[in-house]
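We did not get these values from a lab; they are worked out from the coordinates using the rules stated. None of the values given here were measured: they were computed from a predicted structure. Every residue, glycine as well, gets a Cβ built from its backbone with ideal geometry; the counts of neighbours run over all protein chains shown.
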Amino acid sequence: EMDTQGWQVLDRAHYLHPFTDHASLRQGGARVAVRGEGIYVWDTEGTRIIDGLSGLGNVNIGYGRRELVEAAASQMLELSYCQSFFKTTHRSAVMLAEKLTSMLPDSLNHVFFQSSGSEANETAIRLVRHYWDLAGRPQKRMIIGRELAYHGSTHMAASLSGIPPMHSAGGDIPMPSVTHIKTAYQYRNGFGMDPAEFGVLAASWLEDKILELGPDNVAAFIAEPAQSAGGALCPPETYWPEIQRICRKYDVLLILDEVVMGFGRTGHWFGHRRYGIEPDILQLGKAITSGYLPLSATVISDRIADLLIDKGGEWAHGYTYSGHPTCCAVALENIRILDEEKLVENAGATLAPYFKAKLDSFIDHPLIGDVRSVGLMGGLEIVQDKATREAFPYEAHIGDYCAAEGLKRGLAFRANGDTMSLMPPLVTTIEQFDTIFDIAREALDATAKEFGVTA
Ligand code: PMP
């Protein structure tokens, strides 16, 4: 049993947290979570917190599902590890690959497993470059990503990410073979335009970049279908069909990062389905096991895989935990539950419209300049001046202040820049949504008061 000692232990421990200001952590300590059930997590103080972020786009079926624990336990007893390097595989990996490809477009039939989204993106970039080498076009090397995007923290994945604090002054990140375009962020990049026109304009930024670099030098474009990073940046309907057309026109491979969007976040099973497109490489992670175990899947089109298999020889790429039996078994059980309980269908048909209506009502709040959502991902953008869209100074950290006010009241949501992001689990009930939005409003009211903003 852990008790409040947990706070002191962490205060002294040699333990670095992801994306954390460690000086502030040393002063305040970290909350110690001890238990989770459904959409709730409890800490050592007995405080109950609503996980309004599903971990971070992971825990779609909620915490504490015994079926997943049992699937893990029986897989571990049956076969705890499988060394996949020496032409050996096992049932759970094969079944999961079959299950995934049966759910995806006809052209996507090959799956490579690893443990994280970052690793998946490493795999994808090595793969596309290998592909272009094999295709006799080794000069196709440049990768285009988008500003404000997040694709992971390894060197290449951090390079793909368009978040300035991740880019090191030494010039190593982003790597010189990666560049970024503006994202489909209408509030900042196309305010007041007709959304359909803005979608076409935002897609044209990709074409401009391809032409600037020369189509013969561009290997791939990588993006999230709707960008969770940067604050729920949801594209207009015209954006993705245009992007697909441009990628095909210039023979630029399309890598869709659905590490967050996959398995129901958009109210559809997958984001590419929601937006009606077909990627060459599809990245799945996080919600593939509802966050119970680390697993990601890189799903590869026939076009790429056929060349790799026919001409590639040995592909020197793989991880110790590629296709780990326990992770695959848990993913299969997670997908079975999503299926059986119709959680994705329910999220799309019933929860998402309610979620959107609740979110949209915040446009009246004196702090909120823009409201965005798709499925069960939403963002409320805080501004200093609603008329000019002027943001608060960065140093004010107003989003972090608001998130702290939410946490005090029992809701975990987060500031993505100045946008308050919500990604509740797919098992959230209508009543629980009411509580979530009541707390979010109280947190915003408290923030407005602190920053001297009145209606
Ligand atoms: N892609 C996206 C869109 C993500 O949100 C994340 C993680 N937040 C990653 C990739 C990286 O995944 P991981 O943390 O598992 O490496």
For the chain, what Kirkwood radius comes out of the mean inverse Cα-Cα distance, in Å?
22.9 Å
GluC sites (Glu not before Pro), restricted to the range 315-405: which are DSSP loop and have at most 14 other Cβ atoms within 10 Å?
GLU341
Please give the FRET efficiency for THR435 paired with PHE85, using the beta carbon to beta carbon distance and R0 = 51 Å, rounded to the nearest 0.05.
0.55
Mind checking the dipole of the range 67-340: about its Cα centre, +1 per Lys or Arg Cβ, -1 per Asp or Glu Cβ, Debye to the nearest 20?
340 debye
The answer for trypsin sites (Lys or Arg not before Pro) in the range 178-275 that fall in a DSSP coil and have at most 14 neighbouring Cβ atoms within 10 Å is none
Which chymotrypsin sites (Phe, Trp or Tyr not before Pro) does the range 233-265 hold that lie in a coil by DSSP with at most 14 other beta carbons within 10 Å?
none
Tabulate in residue order the Karplus-calculated ³J(HN,Hα) for the range 385-392, using 6.51 cos²θ - 1.76 cosθ + 1.60 with θ = phi - 60°, rounded to whole Hz; enter x for Gly and Pro.
9, 5, 6, 9, 6, 5, 7, 5
From the helices alone, meaning DSSP H stretches of at least four residues, give me the mean residue ellipticity at 222 nm for the chain, per-run term -39500 (n - 2.57), in deg cm²/dmol to the nearest 500.
-11500 deg cm²/dmol
Separation of the range 152-194 and the range 274-304 by C-alpha centroid, Å?
21 Å
Expected output is a single nm value to one decimal: the length gained when fully extending between VAL34 and ASP400, i.e. 0.36 nm times separation in residues minus the C-alpha distance. What is it?
129.4 nm
Report the extension gain between LYS249 and ARG126 in nm, rounded to one decimal, defined as 0.36 nm multiplied by the number of residues separating them, less their alpha carbon distance.
42.0 nm
Let's test the formula: R0 of 51 Å, r as the Cβ-Cβ distance of VAL200 and LEU77. What FRET efficiency results, to the nearest 0.05?
0.40
Lys pairs in the chain, Cα-Cα under 24 Å, at least 8 apart or on separate chains: how many?
22
Once Rh for the range 267-375 is found with the Kirkwood sum over Cα pairs, what is the Stokes-Einstein diffusion coefficient at 10 °C and 1.306 mPa s, in µm²/s?
92 µm²/s
